[in-house]
Structure formats: structure tokens, C-alpha cells
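Peer 1: The structure that follows is given in the form of C-alpha cells.
The values are calculated or read from the model by the stated rules, or taken from the named source; none is laboratory data. Worth saying up front: this structure is predicted, and the values here are computed from it rather than measured. All Cβ positions, glycine included, derive from the backbone under ideal geometry; neighbour counts span all protein chains shown.
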Amino acid sequence: MTQLLLSFPSGWRLDIGTVIDDAINALSVNGQSFFSAIRDGVLWLLNVVEMGLTLIPWWLAIALVGLAGYFISKRIRTGILYAAMLFAIGLFGLWDLMLQTLTIVIVSVFFSLLFGFPIGILISMSRRAERIVRPILDLMQTLPAFVYLVPTIILFSVGKMPAVIATIIYSIVPIIRMTSHGIRNVDKEVVEASVSFGASRMQTLFKVQIPQALPTIMTGVNQTIMMAMSMVVTCALIGANGLGMEILVATNRMEVGQALLPGIAIVFLAILLDRLTQGLIKKEGGKQK
Amino acid sequence: MSDNDIILRVEHLSRLFGMNKSAAQKMIAEGAQKDEIYKKTGVTVAVNDVSFKVRRGEIFVLIGLSGSGKSTIVRCLNMLQRPSSGKILFEDTDISQFDKKELRDYRRQKIAMVFQSFGLMSHRDVLGNVAYGLEIKGVAKAQREEKAREMIKMVGLEGLESKNIGELSGGMRQRVGLARALANDPDILLMDEPFSALDPLVRRDMQFELLRIQQKMNKTIIFITHDIDEAFKLGQTVGIMRDGRLIQLDTPENMTANPADDYVKEFIESADKSRIFSASHIMMTPTCLVHLRDTGPIALKEMQKNGVSSAYVINNHLELMGVITQDGAISARREGKTVDQYMITDLPRVSPDTSINDLMPIAADARFPIAVIDEQNRFTGIISKAAVISSLL
């Protein structure tokens, strides 16, 4: 009797885990054609993007990044610094792996924006939609990534495909939140003015609310890109090739140097993506202010 | 007055905010006060049983302190807010019965609004903002831009079409707001405290501008303000609001002569206090100056440069000695003498704190602008006749 009060009774168990396992398995068997269709589509896009990236000669890529850096900061030093970062990745012997990683990031961000932007608009316009979506977003942000890595493997098998899915789940949240936040915070009188001229809901949305919210939305895009970058290493666990895989393998072999170089490469890539997109945002925002 | 002259009729309009509206309605019917209703039911009575008529072509002003319900009323007139009860008849059609499309057409064709903090879109330039209403209607680009340019010109912003909103001053922004509303060619112009965010001098400018535009376009204007001075200057009919009720509706003259209660009386008296303008508020810096020892040709050149026909003559200490006219300067040139031989010394002079009322008779007789002289006897400004008259508007 005292035992019952001191520790949680071992007999009280709700075995939901196996139920979910069965459900996922059933889903993978019954929905096989559906999931493989999605997989084929995404893999095709991954191939196209990777091919496109490999078609750009390395020197052109470095030159473009350097020019972009100069263009957004108006400082030659910044341009040279950005070009040097990309050059260093090449010197580390990680150029091709970097392209693979970048491919996953680009494709994941593409889908995140494709779905996240409309969802963000929807929850900015409807309180009910917001009440439903908000807890799901919280869940997606706090649930450890490993938990949903496994079901994505079951449904889409290993490789880049589940990596893209997991990255989308993780990185779609900021674009949804920032889109909705930006639209809700557009000056009330500006929206009222639009309505008072007889604008329909769609006219107000596309001619006033979205353009006015654009700086905030672009911050969301930047955040989404950064979140996608941060998933790269985790995705190596489910067989996604790239810089993350190098780190994973080197860590398993206790090779500190081999792990450090791809680590630095990821940091450089993240810095470049962040600064270049932020620079674009500032340019856009500067026009408005 | 025939019924045809009435463009808008508001009958027993009420607007409540909160959940338990029916209980609040009952308390209103029993004659409860706004505070009491809020305490018992949590419902805010923003507008309480307000009725008025607006004549075609008049400026109708609603005045009240913040929270008196005036902004809510004006938002009901274009259905930005739905009335809780009562009727709003535009040319005998109840606008609260409009379906979506009818309401849209009403907003597109009949009524336009100017906002307190302008409500302009920072992602568009001046032209894009002014053309917005027409764009919504589906007017072709060339046509709407032509109309927008015309309106921009009318509000005095010609040449600023491609400026960003952020580059404009407050007064200019509200001119854009006004042009945007007028571009739609509405029958009624709603103005929700349009000049409250502007500084006093710019505000007076804009009031004058509005009267000028009203003269030209003959719109019906419903104007909201908390400044009684502004209300009396602009309004042909003025309504005073308090706690959601319209407590007096009259012409400014009648309202001053017979205020309905002490509240109205106090409101009107507060205006007189705020209306003390002095010479220093309306004077301008003197531009066309010559020195005692200057010759005729120099004086003539100075006049020509400033586009005027007389120049003020000063000494080394910036004291005003007199005025030299064009004729005087020509004589000086002919005789080869300095201007002090030909200047007129008999000039109207006032101190900077002379009140406008005292300036009136001086301005009436003056041949030249009135000179303003400060305590150190320095010449600090001039006041034209036009400045005195426009300060009374």
C-alpha cells in the first residue's frame, strides 16, 4: 500500500507507443503509391537543383558571392571576405559536399515557403485557424527532431528525401509565424483606408497587407533558411549526404580535425546565407522607410 | 429646406462594444449613464441614440473630447463599424441593409475618408497612393494616373508625384490623404481628425486649403475634431458630443449665443482662450532691406531681386529708419543721392506681442506691410494685410 503512494504504480500503463507504430506501418503499406509519388517528385527536384548548382563553375560562384557582398554592404572588404569564406570551403576539399548540403537547404526552404506563406496568411485572417495552427507550430518547434526522423524514414526510406521532410517540419515555423505576425501588425488605419475605398478582402491583402508586411515576412524567410541550415547535421543521421555526414563519420572515428573542417564550412555557409538574405531585406526595407 | 437637400440622415444611431449588449440596451432604455452601464454589464456605449441630418454641400463638424464617440460615428457612416441599432440613410437608402457588393460600390463611388494618422501606404509613392481608390475600382492605369496627377496638383504637391511617403512632412502627407480621397470623386468626404497630428501653423494652412478646395469642388464634408476653434472656423453646422450623446447641434453663431448647457459653454469659452494670436505668430522675416547710405540703383536692384516695389531702410543697428519706394529710388538715382533722402518715415510699427485684434485697425489703414519692432528697437518682421486677414479665418 505504501509502495503505491511512493512510486508510480508499474501496472498503470497506457501502451500508445505500439498503437502509433502500427498506425505508421499501416500508413506506409497502404499509402505506398502516394508516398512514393511524393518521394519521386521531391527527389527529381533535388536532382535538378543539385545539377544546377554543379553547373555553376566554382570561380563564378565565388565571384558572384563576392559581388553580392559588395553590392549589399557597399564595402569592398565585405565582398572579399565573403568570397574568401566560400574559397576556404573549396580549399578544405568540401566543395561538392557543400553543394549537396545547399541542395537540401534550397529544396527544403522552397517547400517551407510554398506551404508556410499561405498558412501564415490564413492564420492572420482567421482567429479560428490561428487557434488550431498555433499549438501545432509549438509542437513542431519543441518536439525533438529525432522523434519524427524515424516515421519519415518508414514512410520515405532513408536518404535525402526524409532529410528534406524533417527540415521542412523544422524550418516552416518561422515563415508561418512571421507572415501572420507581419500582416496582423500592419497599421490599422492603412487597412481601414483600403477598406474604406471599397477594396475587397483580396485587394486589401495583396495590395496593402502583404506589401506592408514584407519586411517582417522577409525576416521570416531569413529565419527559415537559418533553421534549415541548423538541421543539416541532424539529417546526416538519416543518411543525407553532405557536410553533416562528414561530421558524423569523423565524430564516430574520433577524428577531431576531420570533424572540425566541415563544421567550419557549415558555419561559413550559414553566415553567407544569413548576411546575403539579410542584406536583401535591408535593401527592400530601406526603400519603404 | 426641402428633403432633396439632405444627403445623409442618421436616425437613432447607437454603437455598443462588448458581449452583453441586450442588457445594456435595456439599461439605456431606462436612462442609465454610460459609466453605470459599463460597471454593470461590461458594455461600452460608444454612441448613444444619435440623430442628425447633413445637407448637400455643407461642412458638418462633430466635436467632442476623445472617447465621446465621434470617431465611431464617422466609421459607421461608411460601415467600417456596424451600428448596433438605428438607421443611416444615404439619399434615402439605408446603408446598413447593403449587401457586400452594394456596400463596396457605395464606398467606391459615394464616400471617401481622410484619416488622423493619414493611413498612407509606405510601399507606394505619392502617385500610387493617390491613385489607389481608382485602382481598386478597376480604372485603367493611364486614366487613374492622370486623375491622380490632377488631384496632386490641386492639393499643391505638384512635382512630388514620385516621392516616397517617408520623405514627406506631416502636412504634405495629409495633403496626399486628401488628394487620395478626392481622386475618387465622392459625394461625401469623411475626415476623422485629419489635422490633429499636425503642428498649429500647418494646421491653419490645411484648414484654409480645405475651405479653398471645398469652394472649388463643393463636396459634402463630415469633419471630426476636438478643437472648437477648428470646428467653428470650418463648420456650417456643428454638433457637440459627450459620452456618446449629441448634446447640441447648431450653427456656430447660434451655439455661441445659446449654449445648450454648461458643458457646451465651457467648450466654447476654451476656444476664446486658445485663440490669442499675436503679431509674432504671423509675421514674416523682412527680405528686401537696404542701408541708409545705399544709392538708388542698389535699392532698385534689391527690389527687383525680391520682386517687390519697396524696400525697408535700416541703419547699422538693424533699426528701421523708413521705406523707400520704387519712385523714390528712381529719384535717388536721377539725383545721384542716397536712399535716406527719399525714404518715407511715417510707418505703422507694432511690437511682437501686439494681439491680432489690435492689428486689425492698423492693417486696414496701412499702405505698406506693418513693421514689427522688438524691445531692443530692432526690426524683426513684417506683417502683410493678407496675413492679418487669413489669421482670422
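Peer 1: Search segment B:285-330 for residues being among the polar types (S, T, N, Q) and within 23 Å of B:Pro348 (Cβ to Cβ), and hand back the single one that is nearest to the chain's Cα centre (by Cα).
Peer 2: Going through the qualifying residues, I end up with B:Thr285.
Peer 1: A further question follows. Give just the number: which of (1) within 10 Å of chain A (Cβ to nearest Cβ); (2) within 27 Å of the chain's Cα centre (by Cα); (3) surrounded by fewer than 21 Cβ atoms within 10 Å (Cβ to Cβ) does B:Gly67 not satisfy?
Peer 2: Here B:Gly67 meets the rest and fails (1).
Peer 1: Continuing with this model, one more query. If you go through segment B:147-189, how many residues are in a helix (DSSP H, G or I), of a type outside the set (A, V, I, L, M, F, W, C) and farther than 24 Å from B:Arg204 by Cβ?
Peer 2: So the count comes out to 4.
Peer 1: Still on this structure: What do you reckon, is A:Gly52 under 30 Å from A:Lys283 (Cα atoms) and in contact (Cβ under 8 Å) with a residue 12 or more places away in the chain?
Peer 2: no
Peer 1: Next question, about the same structure. With the requirement that a residue be closer than 26 Å to A:Gly242 by Cα and in contact (Cβ under 8 Å) with a residue 60 or more places away in the chain, what does segment A:59-92 give you?
Peer 2: Within segment A:59-92, A:Val65, A:Ala68, A:Gly69, A:Tyr82, A:Met85, A:Leu86, A:Ala88, A:Ile89, A:Phe92 meet the criteria.
Peer 1: Sort through A:Val195, A:Val186 and tell me the only one that's modelled with pLDDT of 90 or more and part of a loop (DSSP other than H, G, I, E, B).
Peer 2: Answer to the check: A:Val186.
Peer 1: I would also like to ask the following. A:Gly198 passes all but one of (1) of a type in the set (Gly, Ala, Ser); (2) crowded, with 19+ Cβ neighbours inside 10 Å; (3) out of contact with any Leu (no Cβ under 9 Å at 6 or more places or on another chain); which number fails?
Peer 2: Every listed condition holds for A:Gly198 apart from (3).
Peer 1: Continuing with the same structure: Any residue at all in segment B:136-144 that is in contact (Cβ under 8 Å) with a residue 40 or more places away in the chain, more than 8 Å from chain A (Cβ to nearest Cβ) and crowded, with 20+ Cβ neighbours inside 10 Å?
Peer 2: Scanning segment B:136-144 turns up no residue that is in contact (Cβ under 8 Å) with a residue 40 or more places away in the chain, more than 8 Å from chain A (Cβ to nearest Cβ) and crowded, with 20+ Cβ neighbours inside 10 Å.
Peer 1: Considering segment B:117-135 alone, what residues qualify as being more than 7 Å from every other protein chain (Cβ to nearest Cβ) and polar (S, T, N, Q)?
Peer 2: Within segment B:117-135, just B:Asn129 meets the criteria.
Peer 1: Consider B:Gly156 against the criteria (1) at negative phi; (2) more than 12 Å from chain A (Cβ to nearest Cβ); (3) in contact (Cβ under 8 Å) with a residue 24 or more places away in the chain: it satisfies all of them except one. Which criterion is unmet?
Peer 2: Just one mismatch for B:Gly156, condition (1).
Peer 1: How many residues, within segment B:90-131, are touching a residue at least 60 places away in the same chain (Cβ under 8 Å), over 19 Å from B:Thr220 (Cα atoms) and touching a Gly at 6+ places or on another chain (Cβ under 6 Å)?
Peer 2: 1
Peer 1: May I pose another question? Given the criterion assigned to a helix (DSSP H, G or I) and without any contact (Cβ under 8 Å) to a residue 40 or more places away in the chain, identify the matching residue among A:Val233, A:Val173.
Peer 2: A:Val233
Here's the yes/no breakdown for (1) assigned by TED's automatic domain parsing to the domain that holds B:Gln376; (2) surrounded by fewer than 16 Cβ atoms within 10 Å (Cβ to Cβ); (3) touching a Leu at 6+ places or on another chain (Cβ under 8 Å):
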{"position": "B:Val290", "(1), (2), (3)": "yes, no, no"}
{"position": "B:Asp294", "(1), (2), (3)": "yes, no, no"}
{"position": "B:Pro297", "(1), (2), (3)": "yes, yes, no"}
{"position": "B:Met303", "(1), (2), (3)": "yes, no, no"}
{"position": "B:Ser310", "(1), (2), (3)": "yes, no, no"}
{"position": "B:Asn316", "(1), (2), (3)": "yes, yes, no"}
{"position": "B:Val323", "(1), (2), (3)": "yes, no, yes"}
{"position": "B:Pro352", "(1), (2), (3)": "yes, yes, no"}
{"position": "B:Pro361", "(1), (2), (3)": "yes, yes, no"}
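Peer 1: For segment B:24-49, what are the residues that are part of a helix (DSSP H, G or I), in contact with a strand residue (DSSP E or B) (Cβ under 6 Å, 6 or more places away or on another chain) and closer than 20 Å to B:Ile240 by Cβ?
Peer 2: The answer is B:Lys34, and nothing else.
Peer 1: Kindly check whether there is at least one residue in segment A:142-157 that is out of contact with any Asp or Glu (no Cβ under 9 Å at 6 or more places or on another chain), at pLDDT below 85, assigned to a helix (DSSP H, G or I) and closer than 17 Å to A:Val221 by Cα.
Peer 2: no
Peer 1: Go through segment B:75-91 and report how many residues are away from chain A (no Cβ under 14 Å), among the polar types (S, T, N, Q) and surrounded by 18 or more Cβ atoms within 10 Å (Cβ to Cβ).
Peer 2: Adding up the residues that qualify gives 1.
Peer 1: Can we say A:Leu276 is more than 14 Å from A:Ile89 (Cβ to Cβ), surrounded by 15 or more Cβ atoms within 10 Å (Cβ to Cβ) and either of a type in the set (Lys, Arg) or free of Cβ contacts under 8 Å to residues at least 40 places away in the same chain (or both)?
Peer 2: no
Peer 1: Please tell me if A:Ser73 is surrounded by 11 or more Cβ atoms within 10 Å (Cβ to Cβ), farther than 18 Å from A:Pro151 by Cα and modelled with pLDDT under 90.
Peer 2: So A:Ser73 fits the description; yes.
Peer 1: How many of the residues making up segment A:169-202 are touching a Ser or Thr at 6+ places or on another chain (Cβ under 7 Å) and within 10 Å of chain B (Cβ to nearest Cβ)?
Peer 2: Count: 4.
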